[in-house]
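Everything on this sheet refers to the single structure shown next.
The values are calculated or read from the model by the stated rules, or taken from the named source; none is laboratory data. What you see is a predicted model, and the numbers here were worked out from it, not measured in a lab. Here the Cβ is made from the backbone with ideal geometry for all residues, glycine too, and neighbour counts use every protein chain on show. Note: accessible area is taken over every heavy atom of the protein model, side chains too, but ligands, DNA and RNA are not part of it. Shrake-Rupley method; radii C 1.70, N 1.55, O 1.52, S 1.80 Å.
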Amino acid sequence: RTPRPTIRTAVLCFATLLLAGCGSRNPEPAANKYETATVARGSLVLVVEAAGVIEPTRTVELKSKASGEILELGADTGDTVKTGALLVRIDPRIPRNRLDQALAQQNAARAKLANARSQLERGEKLLKNAWINPADYDKLVLDAATAESEVVAAKVAVENARIALEDTDVRAPVAGTILNKRVERGQVISSPTTDVGGGTLLMTMADLDEVRVRTRVDETDIGKLVPGMEARISVASYQGKRVAGTIEKNEPQDTVEQHLALYRVAV
């Protein structure tokens, strides 16, 4: 289907015959020097080659919402952990004390509410017998409503204190490998959870069972690649070994280098 290789072969054959004729009066038959093949129809395979970087499909940053001294580290860089494994334990004494204080305030608020409701029931009877005026009864109603709101606020404070205590144990949200560790045992961290960062970064982990290659393909070849197409990946660390992959997506935003547009492709 491509005539040029045939022309080159013919030229090479002609040159070989000339050299053979000059070197010997009895040249060997040309048929002994060439292989023959049967012409057949086939598909034309287009190959696009590009270099890229291997990265995890999902990376998780482990941050601490709690502040205090780091008492225990359950994993180091390169360790593989299971879901729920304890990775970092922070000093829980201050959060535990706050939880005890919140529980005590909740009990006091409940007792105050019970007393306010009892006074309100008594006030209803007194109001029917005209022993108190409506203004005094309205104050009893307001006291009962205020006591109910204090119980709700105390309940929320207890729940927040319990969450803060649980946050002193940082566990693995998913199974994976620890990529890097940012803290050490004995280090004191401060984690303001109201800022944009949302806590102190402790570790970074990822699931390496499935990885992705991000490569850049020039504009002349990007039109030949579509999601779902098969790809073959060669890694310099494992020479001679190829891994099968699938094109996940072509990113539409390009970058220009030396007047050539390059598009990112995820495999």
Legend entry - Probe 1.4 Å, protein heavy atoms only - accessible area per residue of the chain in square angstrom: 73
Legend entry - Value of Rg to Rh for region 68-159 (Rh from inverse mean 1/r over Cα pairs, i.e. Kirkwood): 1.40
Inset, instruction - Kindly report, to the nearest 10 Å², the accessible surface of Tyr238 as traced by a 1.4 Å probe over protein heavy atoms only. - result: 140
Legend entry - Extension gain, Gln187 back to Val156 (0.36 nm per residue minus Cα-Cα distance, nm): 8.1 nm
Inset, instruction - With the cut-off at 30 Å, report for the chain the share of all Cα pairs above it, as a whole percent. - result: 67
Inset, instruction - On the protein heavy atoms, probe 1.4 angstrom, tell me the percent of accessible surface of the chain carried by carbon and sulfur. - result: 53
Inset, instruction - Please find the FRET efficiency linking Glu166 to Arg110, where r is the Cβ-Cβ separation and R0 is fixed at 22 Å, and quote it to the nearest 0.05. - result: 0.40
Legend entry - Computed accessible area, Lys65, all protein chains, 1.4 angstrom probe, square angstrom: 120
Legend entry - Förster-model FRET efficiency, 25 Å R0, Arg41 and Val243, C-beta, rounded to 0.05: 0.20
Inset, instruction - Using the 2.2 N^0.38 Å rule of thumb for compact globular proteins, work out how region 145-267 stacks up: its C-alpha Rg over that value, please. - result: 1.78
Legend entry - Within a Gaussian network of the chain (alpha carbon springs, distance under 10 Å), most fluctuating of Asp138, Asp79, Asp221: Asp138
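Could you give the semi-axes, largest first, of the ellipsoid that matches region 52-111, computed as the square roots of 5 times the alpha carbon gyration tensor eigenvalues and rounded to whole Å?
38, 14, 10
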Inset, instruction - Enter the angle in degrees (range 0 to 90, nearest 10) between the Cα long axis of helix 93-128 and the first principal axis of the Cα atoms of the chain, meaning the one along which they spread out most. - result: 40
Inset, instruction - Describe numerically, in nm with one decimal, the distance between label points set 7 Å from Cα along Cα→Cβ at Ala261 and at Arg58. - result: 3.3
Legend entry - Solvent accessible area, Å² - Val48, 1.4 Å probe, full protein context: 40
